[in-house]
Amino acid sequence: MALKGKLEDFGITQLLNLINLARKTGTLYLQGDQKNAYLCFREGKLIYAGMDDLEDDLPVILQRAGVFTTDQVRTIKSHMAGKSDREIAQVLITTGRIQQQDVIKSIREHILDLVYQIFSWNEGLFRFEPSKLTTQGKITTSIALENVIMEGSRRLKEWERLQDELPNLDISLKFAERPTTPLRDINLSVEEWRVISFINPRNSLRQIAQYNNMSELQIRKIVYSLLQAGLVEVIRPPRSAAPAPAAGKSSAVQAESEDVQMRAPAVKRGLVQKLISRIREL
């Protein structure tokens, strides 16, 4: 018999604790405010997870983990169309394209990243289907829930703090004219550089996150660190009305033009040049 309820009455932490203590096997289906997800368990261990709008075939997971490039993933998909994740992994490992431990590591990171996102869900519905596993063809792993619950709770507190600091993602950033952190002390991560490359009054934080495939927690965390370092400042997006599309120009074409602008913002700030110069000196 399925266990059903509301997340308002029985939260994610309580559900995971129950599954862990009862050593349950089955699938937990979650219907959030805007997304749906599912978590699979075997004897109280987390073995897989998926989300409706998050592509989770193996080549994409490996690309997201930085193992393969977009072109490599495109080639793998075209050569192995119709094959399951297990079959694709077997071919890649046998041909020496990847090590087995890299596959397992990437799968674990994918699962954990997804699960940590849902810790912030406090509204919606849940349904646990005992003994039902939706993992056919997928590569599963085994993750102890005790560690997941502890880390998820820690991230939830961090999420709540960052949400207080940056409650609105529809704002934009500009580079500070006088950074409070000396440039010689700047040590940015790859993700921070990806965000910095799109800083432009026309680009909201939400747009930057979507283009870089970042969660709301990730973009808030990165922006907060940049603000703390005094490298950027918050500004409100321009309130001027959007220009009307030219005659004969469809809204789809107009949206495409806006997307191109999002992909290649024209940022010519002195701080950016100084940061680039700083990299060359390293």
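The values are calculated or read from the model by the stated rules, or taken from the named source; none is laboratory data. For clarity, every value in this text was computed on a predicted model and none was experimentally measured. As a convention, Cβ positions derive from the backbone with ideal geometry for all residues, glycine included, and neighbour counts pool all protein chains shown.
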TODO: Scan Phe41, Phe10 and give me the residue that is at pLDDT below 95 and among the aromatic types (Phe, Trp, Tyr).
DONE: Phe10
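Taking the options Ser142, Ser215, Ser106, Ser197, name whichever one is closer than 17 Å to Ala49 by Cα and outside the structural domain of Arg64 (by TED's automatic domain parsing). Before you say what the answer is, go through the steps one by one.
Values: Ser142 fails: outside the structural domain of Arg64 (by TED's automatic domain parsing); Ser106 fails: outside the structural domain of Arg64 (by TED's automatic domain parsing); Ser197 fails: closer than 17 Å to Ala49 by Cα.
Checking each option against the conditions leaves just Ser215.
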Open item on the list: Name the single residue that is modelled with the lowest pLDDT among those in region 46-90 being part of a loop (DSSP other than H, G, I, E, B) and under 24 Å from Phe119 (Cα atoms).
Closed with: Asp53
Open item on the list: Can you say whether Val195 is of a type in the set (Val, Ile, Thr) and within 30 Å of Thr25 (Cα to Cα), as far as the supplied structure shows?
Closed with: no
TODO: Scan region 125-144 and report the pairs whose first residue is without any contact (Cβ under 8 Å) to a residue 60 or more places away in the chain and whose second residue is part of a loop (DSSP other than H, G, I, E, B), with Cβ atoms within less than 7 Å and a gap of 6+ or a chain change.
DONE: Gly137/Ser84
Task: Hits in region 15-72 - residues which are touching a Gly at 6+ places or on another chain (Cβ under 7 Å) and charged (D, E, K, R) - done: Arg23, Lys24, Asp33, Asp56
- [ ] Pick out the one residue from Ile88, Ile111 that is closer than 15 Å to Val67 by Cα and either surrounded by 14 or more Cβ atoms within 10 Å (Cβ to Cβ) or not assigned by TED's automatic domain parsing to the domain that holds Val67 (or both).
- [x] Ile88
Open item on the list: Where the second residue is part of a loop (DSSP other than H, G, I, E, B) and small (Gly, Ala, Ser) and the first is assigned by TED's automatic domain parsing to the domain that holds Gly137 and touching a residue at least 60 places away in the same chain (Cβ under 8 Å) and lies in region 59-85, which pairs have Cβ atoms under 9 Å and are six or more apart or on separate chains?
Closed with: none
Task: Flag if Arg161 is free of Cβ contacts under 8 Å to residues at least 60 places away in the same chain and under 20 Å from Leu227 (Cα atoms) - done: yes
TODO: Examine region 99-117 for a residue that is more than 18 Å from Ile47 (Cα to Cα), out of contact with any Asp or Glu (no Cβ under 6 Å at 6 or more places or on another chain) and without any contact (Cβ under 8 Å) to a residue 24 or more places away in the chain, and state whether such a residue exists.
DONE: yes
Task: Filter pass, Val234 being of a type in the set (A, V, I, L, M), surrounded by fewer than 14 Cβ atoms within 10 Å (Cβ to Cβ), modelled with pLDDT of 75 or more and outside the structural domain of Asp53 (by TED's automatic domain parsing) - done: yes
TODO: Return yes when Asn147 is part of a helix (DSSP H, G or I), over 15 Å from the mean Cα position of the chain (by Cα) and surrounded by fewer than 17 Cβ atoms within 10 Å (Cβ to Cβ) and no when it is not.
DONE: yes
Open item on the list: Quick check on my filter: what residues within region 91-121 are in a loop (DSSP other than H, G, I, E, B) and either among the aliphatic types (A, V, I, L, M) or under 19 Å from the mean Cα position of the chain (by Cα) (or both)?
Closed with: Ile98, Phe119, Ser120, Trp121
